[in-house]
Structures are given as C-alpha cells and as structure tokens.
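What follows is a set of notes on a single structure, which appears directly below.
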Amino acid sequence: MKTFIRVITFCAIFILISIEISAQSKVGTTGAQFLKIGVGPRASSLGNAFVALADDATALYWNPAGISRINMNSVYVNHTEWLAGISHNYGAVIISLPGYGTVGASFTSLNMEEMKVRTEEQPDGTGEWFDASGIAMCCSYARNLTDRFSIGFNAKYIREQIWHMSANSFAIDVGTLFRTRFKDMKIGMCISNFGGNMQLKGRDALINYDADPYVSGNNDNINAHLDTEGWSLPLIFRVGVALDVINNPFMRVTTAIDAIHPNDVDEYLNIGTEVVWNEMIALRAGIRHLGNDIFSGKTIKFLGSGNFTLGAGLNYPLYNTLKIGVDWAFADYGRLEKTQRFSLSIIF
C-alpha cells in the first residue's frame, strides 16, 4: 500500500508539472536544443521508447531511476554522425554501491566544423572563422526504495557557445521506475531539464554607445553590452511502459511505448520492439514521433516522413563478470539525412 501511495504521489506531481508546461508551451522558444537528441543506439533503434526500459548507462539520459537496477559497474561511449555534418558524443560511467544505491556521471557534447564568417559586404568570407558547440555534464544518483520501486536524480551543468558568445545554466532530472506484478511490466516516468534560462553573453554583444547624441562634448564612445533574451530549457516529460511479450532462456521479445510531452512542440508517441537471443544478439526496430500524422489519417505522409528506426547489438561475455557490448542504430530523417550511431560498453 505504501508503494502504491508513493507511485500515486509522484504521478500527481508529474501531472501538475505537465499541466504547467502545457500552459506555457510555445513552439521554437527553447535553448540548448542538443539536449533533445537522444543518446545510445539501443534507444534510438527502439524509436526512443526507452523511459521504462532504461537499464544501461544511457539511463542517465532517459530515466536516471533505471541505473538503480544495474548491479554492475559499466563504462559507456557513444558516437553519432548527426545531421549536417554535426558530431554528437556521449560518455557515461556507472558505479554500483551495494546498500547505498547507484551513482553515475555522464558527458554529452555537440560539435560542428569551423565555418567562414560571412557578411553582406564580404559574402566570400572576412578571413575569420567561427564554430558552435554544446556540452552537458551530469552527476546522478538512484536508489531502490522497495524491491519494485526506484527513484533517480540528475544534476547537470549545460553550456552552449557560438563564436565569442556563450550561455550557461543548471538543471535537474527526476525519474521513477515501477516494476508491476503483471508479468513484470515496467512503468517509467521522467521529467528532464528542469532549470534556469539560457542567455548568451560575450564580447560579440559589445557596442559603442552615445548616451545622449544631442549633447555636444559628451563621451560618445562608451562601452556597453546588448542584453540578449533568455530562453528556457527544453523541458520534457516522458511516461512509458515496457513488457516482455516472450521471455524464456533462449529468447526475449520486449515491446515498449512512450508518451512524450515537450514544452516547445506537440505531444507524440514512440514505439519500439527488441528481440534478443541468449541475451547476446539483439535486433531492434521502432517508430518515433508518432503523432498527428497517423492519428489524423495522413498515413501516406507518415510513411514517407522518415520515422522508422532499426538497429542491432551484441553483448559478449569475456571473463566471468566482464562483458563487452557493441550496438548500432540507423535512423532515416526523410528530407534531411540518414544517421548512424555506434556505441561500446564495458560491464564489470
């Protein structure tokens, strides 16, 4: 009964926050957009339906409560050749502390190659170069409150930079994971990126200002800075379920579905299925951003929108408890580009 009351309490908190998010929702009015890029080939190939499945080092992104179910230490690295030649990288470390919970740390980066600075007067370039990047550093803690209910927290530092300007902020994530008695079906919830605004500052905003141009003899060359507008972080509320449709010593088939409520775009669903043989070889497929297109009957448009994902993975035991995992994912972004993700994990 106590566990049930806890679950209801957390659900109520998440619902109230979600209502607040909805009331303030505006398309295209959030900063640090790289925080919305999902991490890990496994999650990506499942259509990003991972909030209830989160049981590896990428749980630090999807649902920090998931690391409480990891009874081993692990090191994880993921590289993605993102759209338009952008590079997206993620690394994480998980350490299990029996009797005390599980701690973790992760680092996410988004980088682009340098580009020429161009102006109307010098369209071929001024001789200067600029770049842009984003990073997020995260510390996590999770604990099993009961044998079926877990909770986890992230605290993270976020920074974006373009040329000589940068913006910084701090945020927290809160996640819960509940394993039901119905075929061990899992229910996960997570709210991500709850924090302060991002406001660009730097020497590119430096200007020379004349406080009173109508008075002669005053200082007409005062250094001043333009105040840029602050933008909120991409607050995301996820709730999902995952169920092992088939689970025997030789094969496991898991299906997951997530409902996503961001604060800057419409709600949508993610669906994924994973087939695993001997807990070693895995094949995965998913559909992401399932929303208005399919529900409004625009099936043809949906089928051509590049929402399908595929992937595979291999977990190979090397020695006693030492394992190595390799995962790959493919996603088609329609008119943009096809992306591939690769990851390597060491579990010990």
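Please treat every number below as a calculation from the coordinates, not as lab data. All values reported here derive from a predicted model rather than from experimental measurement. Every residue, glycine among them, receives a Cβ derived from its backbone with ideal geometry; neighbour counts consider all protein chains shown.
The table for this structure:
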read-out	value
Approximate spin-label separation Val117-Leu83, in nm, with each point projected 7 Å along Cα-to-Cβ	2.8
Distance (nanometres) between label positions extended 7 Å along Cα→Cβ at Asn218 and Phe348	6.8
Local electrostatic count, Asp220, Cβ distance below 11 Å [Lys/Arg +1, Asp/Glu -1]	-2
Crossing angle, helix 2-23 versus the chain [Cα axis fit, 0-90 degrees, rounded to tens]	30
Chain lengthening between Ile95 and Tyr316 when straightened (0.36 nm per residue, less Cα-Cα)	77.5 nm
Ranked by how many other beta carbons lie within 10 Å on average, peptides 330-342, 182-194 from highest	182-194, 330-342
Mean Cβ neighbour count within 10 Å, used as a protection proxy, ranking 39-47, 307-315 highest first	39-47, 307-315
Helix-derived mean residue ellipticity, 222 nm - over the chain, DSSP H n ≥ 4, -39500 (n - 2.57), to 500	-3000 deg cm²/dmol
Using a Förster distance of 56 Å, the FRET efficiency for Asp210-Tyr333 (Cβ separation, nearest 0.05)	0.70
